[in-house]
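Visitor: I am attaching a structure below and will ask some questions about it afterwards.
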């Protein structure tokens with residue numbers, strides 16, 4: 001397929017530019033007719049598909065229980081408990097129902113133009129060794145979701161959210177509740193690199209995936225230690241090299257290359273560019289949760305002020321690929337922060353975060369939907385609660 005048809009949907013960003021956005025911040029290289037969008041024409045405004053292909057039980061405990069996974073900490077644990085065949089059946093039912101074509105249509109009706117899809121390395125099943133236990137059959141459903149999004153004109157960020165060996169310990173978003181982060185070895189780097197090559201080929205050779213324009217090489221790695229140094233020195237340069245080599249093998253025009261995304265420096269894993277020679281079409285992922293930022297006073301005034309003045313520019317082009325309206329555990333249930341009686345505050349805080357994140361390349365909210373009865377983690381629920389407007393262009397700048 002040609003590059004122009006492959007990424008034509010990116011022209012929809014032009015219709016979504018925000019009235020109070022800077023017009024001169026062309027931070028992503030752009031070439032007419034390719035997967036590279038111009039920041040003067042619009043910003044990424046998106047949602048994550050949390051728990052679609054990597055299930056995080058806290059997001060949807062009812063669905064997790066319905067799958068037969070109650071009490072299990074991660075996908076690895078659930079598959080180990082159910083057995084492979086039963087797990088494959090249970091997860092296939094989930095994959096086919098958690099995010100539907102109607103969800104995609106609803107996103108578009110709200111002015112969203114991007115989805116970020118967290119996936120695990122086990123999507124490529126021949127990379128899973130005999131000691132590892134993950135559901136099989138997910139690729140068919142990834143293609144289906146990508147097809148709906150591509151047909152709807154949405155941009156797609158494919159995110160290696162669960163790396164071989166787990167990039168961080170005791171976290172279900174890696175697909176396993178690993179006691180130690182085992183990703184930072186030559187063997188697991190190689191498995192991840194093979195996955196990146198494979199995914200690159202799929203993007204260019206699979207019609208449903210034609211609007212995948214960005215490939216994130218690992219989500220939320222460890223911070224400030226020898227493992228992070230190893231990743232920057234060994235994995236990042238090879239990831240860029242192997243993705244570009246795969247594109248060259250397919251005779252892809254250099255103007256049509258994917259954006260390659262790493263976590264930005266503010267994440268805490270060091271400067272991702274330290275050992276990179278070629279920064280062409282690089283992009284950076286910033287995760288901003290004030291909930292866990294103990295340097296920010298937990299008050300309405302402080303949250304609005306902090307978000308209005310938040311400069312997320314440690315690397316450029318920068319996308320705030322995860323954020324929410326969640327607040328610290330010790331205050332989230334108090335009357336001052338209760339979501340039902342503080343909708344005006346949460347609406348203003350949403351707008352403040354959008355204001356700052358669109359000073360850069362844009363944002364992807366975590367997450368699209370949840371079973372928490374708490375719109376602070378669910379974009380869909382926040383719209384229904386009137387906290388997020390259906391028309392994002394109606395947002396008022398709370399920071400002026």
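A short reminder: the numbers here are calculations on the coordinates, not readings from a lab. The model shown is predicted, which means the values in this text are computed figures rather than measured ones. For neighbour counting, all protein chains shown are included, and Cβ atoms are generated from backbone atoms with ideal geometry for every residue, glycine included.
Visitor: Given the options 141, 236, 257, which has the most mean-square fluctuation in a GNM of the chain, springs set between C-alpha atoms less than 10 angstrom apart?
Guide: Greatest mean-square fluctuation among the candidates belongs to 141.
Visitor: Considering the chain as a Gaussian network with a 10 Å cut-off on Cα pairs, which listed residue, 307, 334, 356, attains the greatest mean-square fluctuation?
Guide: Looking only at 307, 334, 356, the biggest GNM fluctuation is shown by 334.
Visitor: With a point put 7 Å past each Cα toward its Cβ, work out how far residue 136 is from residue 223 in nm, to one decimal.
Guide: Placing both labels 7 Å beyond Cα along the Cβ direction yields 3.9 nm.
Visitor: Here is a further query. What is the extension gain from residue 248 to residue 384, computed as 0.36 nm multiplied by their sequence separation minus the C-alpha to C-alpha distance, in nm to one decimal?
Guide: Details: separation 136, 0.36 × 136 = 48.96 nm, distance 4.57 nm.
Contour length minus the Cα-Cα distance gives 44.4 nm.
Visitor: What ranking, highest mean first, results for peptides 151-162, 105-116 when packing means the other Cβ atoms within 10 Å averaged over each residue? Display every interim value, and only then the final one.
Guide: On the way: 151-162: 22.9, 105-116: 21.0.
The most tightly packed comes first, giving 151-162, 105-116.
Visitor: Answer with a single label: of (i) 0.99; (ii) 0.93; (iii) 1.19, which was calculated as Cα Rg over 2.2 N^0.38 Å from the structure in view?
Guide: Derived directly from the coordinates: (ii).
Visitor: Between residue 399 and residue 126, with labels modelled 7 Å along Cα→Cβ, what's the label distance in nm to one decimal, could you check?
Guide: It is 4.8 nm.
Visitor: OK, next. Show me the ranking of peptides 203-210, 192-199, 243-250 by mean Cβ neighbours inside 10 Å, starting with the highest. Don't jump to the answer; show the numbers that get you there.
Guide: Working: 203-210: 18.5, 192-199: 20.4, 243-250: 15.9.
Ranking the peptides 203-210, 192-199, 243-250 by packing returns 192-199, 203-210, 243-250.
Visitor: While we're on this one: Identify which of 171, 373, 318 has the largest mean-square fluctuation in a Gaussian network model of the chain, with springs joining Cα atoms closer than 10 Å.
Guide: Highest fluctuation among the options: 373.
Visitor: I need the calculated FRET efficiency for the pair residue 185 and residue 73, taking r as the beta carbon distance and R₀ as 25 Å, to the nearest 0.05.
Guide: On the way: r = 23 Å, r/R0 = 0.92.
Using R0 = 25 Å, I get an efficiency of 0.65.
Visitor: Continuing with this model, one more query. Report, for the chain, the % of DSSP beta bridges that are antiparallel, rounded to 5. Walk me through the numbers on the way to the answer.
Guide: Values: 1 of 32 bridges.
Within the chain, antiparallel bridges account for around 5 percent of the total.
Visitor: What 222 nm value per residue comes from the helices of the chain, counting each DSSP H run with n ≥ 4 as -39,500 (n - 2.57) and dividing by all residues, nearest 500 deg cm²/dmol? Write down the numbers at each step before the final one.
Guide: Details: 12 runs with 125 residues, N = 400.
-9500 deg cm²/dmol, from helical runs alone.
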